[in-house]
Amino acid sequence: MSTPRLLVIEGNTAEGRKRQVAAGGEVASDRYARLLNEIWPEAAVDICFPADPGANLPDGGGLESYDGVAITGSSLHVYDGGPAIQPQIEFVREVYRAKTPIFGSCWGLQVATVAAGGTVHKNPRGREIGFSRRIRVTEAGSKHPIFKMKPPVFEALTVHLDEVESLPLKGTVLAMNDHSGVQAAEIQYEGGVAWGVQYHPEYNFKEISAILKRLNGSLVTEGFFASNEDASLYIKDVDTLAQDPTNRRLAWRHGLDAAVTHREIRIQELKNWIELKVKPTRSERGRA
């Protein structure tokens with residue numbers, strides 16, 4: 001039996017990666033690759049950087065050789081287009097055509113949407129950050145394997161300014177909340193299938209803290225916090241949760257339950273993708 005192979009597509013530019021690390025976070029693709037390897041220890045996980053000029057990317061045959069492709073979040077805006085974005089859209093189209101299962105987080109959902117003919121826009125309700133509240137699984141989502149063992153209503157770690165405006169023709173909404181009408185979706189395009197979520201099952205509290213620190217000034221301007229001091233108190237709570245995710249006092253204060261504080265529930269969508277989409281597709285291809 002051949003070694004399982006997964007590919008992580010980094011959505012950020014080199015400058016975007018540098019900013020997140022400077023704020024105390026981690027390169028998104030490094031975190032994603034490590035988590036996928038924890039879920040599936042036998043897998044070899046590669047990373048590619050299509051936003052970087054001159055990036056060496058797998059071609060169609062190379063993409064077919066992977067058992068699954070995951071797409072990270074990004075600080076880019078897909079509707080801006082340009083040399084850091086258009087290659088990612090084209091590359092994801094090639095993944096669809098290779099019929100290799102896709103999972104996208106946040107930007108990953110958005111670029112998978114645009115690659116298949118849908119649209120993304122700046123959310124008129126503004127940014128959603130920290131904790132995405134009361135995500136509700138739709139009727140279609142309740143029957144979909146992405147949400148197996150997931151509560152029908154849950155919170156999630158999140159940060160996004162943009163959202164899916166319209167899904168492609170073969171797109172199905174799997175979850176929503178009051179902030180975004182598409183919090184999860186399945187998209188079919190040219191024989192390929194993507195599962196995507198607008199939130200970040202791959203994040204932990206430490207990564208959210210780094211994002212809050214990086215965006216601190218903007219969050220005061222946008223009205224999330226009254227002052228930098230107010231923001232610092234909130235970030236201090238998140239830092240405490242990073243050390244002790246089950247801290248009852250802070251979980252109560254911020255309205256968090258096990259879907260956020262317990263890692264195994266938080267990453268359930270990715271586990272389901274591996275077990276219920278990637279591995280069966282690998283078997284269908286005669287690799288297991």
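When you check Asp257 against the structure, is it surrounded by fewer than 21 Cβ atoms within 10 Å (Cβ to Cβ) and over 21 Å from Leu174 (Cβ atoms), yes or no?
Values: surrounded by fewer than 21 Cβ atoms within 10 Å (Cβ to Cβ): yes; over 21 Å from Leu174 (Cβ atoms): no.
Here the answer is no, as Asp257 does not meet what is asked.
Residues in segment 47-62 that are modelled with pLDDT of 95 or more and more than 17 Å from the chain's Cα centre (by Cα): Asp52 alone. In segment 19-45, the residues that are exposed (fewer than 14 other Cβ atoms within 10 Å of the Cβ) reach residues that are part of a helix (DSSP H, G or I) and of a type in the set (D, E, K, R) with C-beta atoms within less than 8 angstrom, at least six apart or across chains, in these pairs: Ala22/Arg214. If the condition is being in contact with a Pro (Cβ under 7 Å, 6 or more places away or on another chain) and part of a loop (DSSP other than H, G, I, E, B), then segment 224-273 contributes only Ile267. Restricting attention to segment 1-15, and to residues there that are surrounded by fewer than 19 Cβ atoms within 10 Å (Cβ to Cβ) and in contact (Cβ under 8 Å) with a residue 60 or more places away in the chain, which single residue is nearest to Ser74 (Cα to Cα)? Looking at the filtered set, the residue picked out is Arg5. On inspection, Arg266 qualifies as touching a residue at least 60 places away in the same chain (Cβ under 8 Å) and over 16 Å from Trp40 (Cα atoms).
Selection of segment 177-204 for residues being charged (D, E, K, R) and in a loop (DSSP other than H, G, I, E, B) yields Asp178, Glu190, Glu202.
Across segment 67-78, the qualifying residues are those that are surrounded by fewer than 24 Cβ atoms within 10 Å (Cβ to Cβ) and touching a Lys or Arg at 6+ places or on another chain (Cβ under 8 Å), and the one among them that is nearest to Phe131 (Cα to Cα) is Ser75. Taking first residues from segment 130-159 that are free of Cβ contacts under 8 Å to residues at least 12 places away in the same chain and partners that are crowded, with 22+ Cβ neighbours inside 10 Å, no Cβ contact under 6 Å between residues at least 6 apart in sequence or on separate chains turns up.
The test for being over 22 Å from Val95 (Cβ atoms) and among the small types (Gly, Ala, Ser) does not hold for Gly191. Restricting to segment 89-124, count the residues that are surrounded by fewer than 20 Cβ atoms within 10 Å (Cβ to Cβ), more than 13 Å from Gly191 (Cα to Cα) and not acidic (Asp, Glu). The qualifying residues number 7.
For Lys213, the criteria (1) surrounded by 13 or more Cβ atoms within 10 Å (Cβ to Cβ); (2) over 25 Å from Ala175 (Cα atoms); (3) among the basic types (Lys, Arg); (4) at pLDDT 95 or above hold in every case but one, which is (4).
Looking at segment 6-20 only, could you name the residues that are within 24 Å of Arg263 (Cβ to Cβ) and at pLDDT below 95? Once the filter is applied, which keeps residues that are within 24 Å of Arg263 (Cβ to Cβ) and at pLDDT below 95, segment 6-20 yields only Gln20.
The values are calculated or read from the model by the stated rules, or taken from the named source; none is laboratory data. Quantities reported herein were computed from a predicted structural model and do not represent experimental measurements. Quick reminder, even Gly has a Cβ in these numbers, built from the backbone with ideal geometry, and neighbours come from all protein chains shown.
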